[in-house]
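A.B. asks: This is the structure I want to talk about, given as structure tokens.
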């Protein structure tokens, strides 16, 4: 079963790649990095909504009522708060408030959220696959594919954190920021199509 809203999330996530690529080509690199961070931050918020809907789709009505009694949702909330914060940092940077520093912090934040939430999204996908009414062979193939996802998300998050730190150390590295935005864009598209 495709993720609820996955097409919209993939579109928003992929939209972050356009300014990052054009900026890496040397056309208004700072401005386009700022726009890219805002778009990727917004895609984190969109993925959070899609993930919450997928949780509900994977559970029966009785299970959903049982879930409300438990302290859950930290990873989903992390994506929402992290995405909103990164978008806000991108906006402040766009307004001229410590532009390079805030962009680098936003890329580090987005990477840290990936590290914190990757396993949770993998578990949601696993639950959806287990609940799907498909043949055992299709289910086994889907589970195998989904099993690699959390590791890839972890590596992407670590790469974004490293690139954000590199941008701070070099203090003028739009290349590191652009690459950080691009790898985060790849993760947004992957999250959208995983479930």
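A.B. asks: May I ask you to verify whether residue 151 is farther than 19 Å from residue 90 by Cβ, at pLDDT below 80 and surrounded by fewer than 19 Cβ atoms within 10 Å (Cβ to Cβ)?
C.D. replies: When the stated conditions are applied, residue 151 passes them.
A.B. asks: Please specify each residue of the range 131-161 satisfying the condition of being assigned to a helix (DSSP H, G or I) and touching a residue at least 40 places away in the same chain (Cβ under 8 Å).
C.D. replies: 131, 146, 149, 154, 156, 157, 158, 159, 160, 161
A.B. asks: While we're looking at this one, here's another question. Count, please, the residues in the range 81-94 that happen to be closer than 12 Å to residue 109 by Cα and crowded, with 18+ Cβ neighbours inside 10 Å.
C.D. replies: Of the residues in the range 81-94, 6 are closer than 12 Å to residue 109 by Cα and crowded, with 18+ Cβ neighbours inside 10 Å.
A.B. asks: Of all residues in the range 152-167, how many are over 11 Å from residue 107 (Cα atoms) and touching a helix residue (DSSP H, G or I) at 6+ places or on another chain (Cβ under 8 Å)? Break it down into steps so the answer makes sense when it comes.
C.D. replies: Filtering the range 152-167 for residues over 11 Å from residue 107 (Cα atoms) gives 152-156.
Then drop every residue that is not touching a helix residue (DSSP H, G or I) at 6+ places or on another chain (Cβ under 8 Å), which leaves 152-154, 156.
Matching residues across the range 152-167 total 4.
The values are calculated or read from the model by the stated rules, or taken from the named source; none is laboratory data. Just so it is clear, the model here is predicted, and its values are computed rather than measured. Please note: Cβ atoms are built from the backbone with ideal geometry, for glycine as well, and neighbour counts cover all protein chains shown.
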